[in-house]
């Protein structure tokens, strides 16, 4: 067996009402900055619940509530400036992956010189190493899709570059996964986010970096999503289904840390870099059949195992996975999405493929076999309708 490592430093609290654990959390003295986006986390009372729990622990809090979907480098810079000016002691990412990813980048910028993009490896990033530990990070997801509460990565957009970054210094110190905070996510977003978690788990199983520990988490996450994502989409008040999908999301975050996403994610990040209105999970759904079909011959056993985790216990050929994937999309009512519906045009295909390779080319290197530029363009073209 090849050598693999398991390093998962976040202290994870999972379950209904878990946010109350913040009242006894070990955090440095001083003020915390709650980083969130939009109005929903305030309107639904989540910001106040977090602030109240931290107040019980003796912490004052400030709120930065300007995080956008597909968070930008400009937002990171603005939030980091506030963090330094107010001498913040720790940050709380409250919301979807955008808020938590922003919190991770801000935590590093608060203690290190320069700009977040200086520490990005890929595209126009500076490729520098983070010299100092960031501020402690508390991650509190209100969606079940990114798994960022269980990994050390961020995805930030800078112009037409949407690039993952991070490293061990970006792990949360504490992660609170409270399914009560996820009950109001609309059906279509529940589906998009759930498929993002699914592909984190499935890509991590497909990738050449997979190992026995990541495989265990991958297959369990896939089983939970198959069992409960359609139910959560159909009835957002189904507490058991929401908890299953939340757990699957966290397990898939472990997979991201232990293994890797693959070229599918690189392609989608390029698509949504040029078309920010394309939700990440929706983009993954759209390109999924075209991407995964490229590996039926070289990774058939892997695809069969995923098909069985999706409930097809008699699966014996890789095409069974493609059928199971389509069926899951149908059960979640997301099988009719198309790139043209988000403004993608055929004349962009080559530019998007080049962006994917140029910004996140490392993900293609863990695919079961190399994909040529022509094949990447073909995946985008095959997904267009």
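Over 18 Å, how big is the tail of the calculated P(r) for segment 107-150, in percent of all Cα pairs? Spell out each step's value before the answer.
On the way: 436 of 946 pairs.
Result for the distance tail: 46 percent.
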Quiz item: If r is the Cβ-Cβ distance from residue 3 to residue 121 and R0 is 30 Å, what FRET efficiency results, to the nearest 0.05?
Solution: 0.80
Practice problem: For the chain, find the longest principal axis of its Cα atoms and tell me its angle to the long axis of helix 212-234, 0 to 90°, nearest 10. | Solution: 90
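So how many Å³ per residue does the convex hull of the Cα atoms of segment 290-372 work out to? Write out the running numbers ahead of the final one.
Details: hull volume 9.7 nm³, N = 83.
Output value, Cα hull per residue: 117 Å³.
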Quiz item: Roughly speaking, what is the stretch gain from residue 375 to residue 314, that is 0.36 nm per residue apart minus the C-alpha to C-alpha distance, in nm to one decimal?
Solution: 18.9 nm
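R0 = 30 Å: FRET efficiency of residue 133 with residue 44, Cβ-based, nearest 0.05? Each step should come with its number before you reach the end.
Values: r = 32 Å, r/R0 = 1.08.
Plugging the Cβ-Cβ distance into 1/(1 + (r/R0)^6) gives 0.40.
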Practice problem: Give me the Debye-computed log₁₀ of I(q)/I(0) at q = 0.15, 0.16 Å⁻¹ for segment 191-302, equal point scatterers on Cα only, no solvent, two decimals. | Solution: -0.64, -0.72
Self-check item: Distance cut-off 15 Å, percentage of C-alpha pairs in segment 238-320 lying past it
Solution: 70
Quiz item: Could you work out the helix-only [θ] at 222 nm for the chain, with each DSSP H run of four or more residues adding -39,500 (n - 2.57) and the total divided by the number of residues, to the nearest 500 deg cm²/dmol?
Solution: -14500 deg cm²/dmol
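Between residue 216 and residue 31, what length comes free when the chain is fully extended (0.36 nm per residue of separation minus the Cα-Cα distance, one decimal in nm)?
Stretched fully, the residue 216-residue 31 segment lengthens by 62.7 nm.
To the nearest 0.05, how large is the calculated FRET efficiency for residue 354 and residue 326 if R₀ is 30 Å and r is the Cβ-Cβ distance? Please report the intermediate quantities before stating the final value.
Working: r = 29 Å, r/R0 = 0.97.
FRET efficiency, residue 354 to residue 326: 0.55.
Could you tell me what % of all Cα pairs in the chain have separations over 35 Å? Please report the intermediate quantities before stating the final value.
Working: 14862 of 73920 pairs.
Everything past 35 Å amounts to 20 percent.
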Quiz item: Once label points are set 7 Å from the Cα along Cα→Cβ at both residue 298 and residue 78, what is their separation, rounded to one decimal in nm?
Solution: 4.4
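Stretched out fully, how many nm does the piece from residue 338 to residue 23 gain, at 0.36 nm a residue minus the Cα gap?
Working: separation 315, 0.36 × 315 = 113.40 nm, distance 4.52 nm.
Extra length available between residue 338 and residue 23 comes to 108.9 nm.
Order the peptides 99-109, 243-253, 297-307 from the highest to the lowest mean number of other Cβ atoms within 10 Å of their residues.
Working: 99-109: 29.9, 243-253: 26.8, 297-307: 18.7.
Descending mean neighbour count gives 99-109, 243-253, 297-307.
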Quiz item: To the nearest 10 degrees, how steep is helix 373-382 against the longest Cα principal axis of the chain, on a 0 to 90 scale?
Solution: 90
Self-check item: For segment 186-382, average projected area of the Cα convex hull in nm²
Solution: 9.9
Quiz item: So how tilted is helix 280-292 from the main axis of the chain? Cα-based, degrees 0 to 90, rounded to 10.
Solution: 30
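Determine, for 94, 22, the number of other Cβ atoms within 10 Å of each Cβ, and report the residues in order from fewest to most.
Working: 94 30, 22 25.
In order of increasing Cβ crowding within 10 Å: 22, 94.
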Quiz item: Starting at 0 and stepping by 10 Å, how many percent of the alpha carbon pairs of segment 11-181 end up in each bin?
Solution: 11, 44, 35, 9, 0
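A short reminder: the numbers here are calculations on the coordinates, not readings from a lab. This is a predicted model, so every value here is computed, not measured. Neighbour counts run over all protein chains shown; Cβ positions are idealised from the backbone, glycine included.
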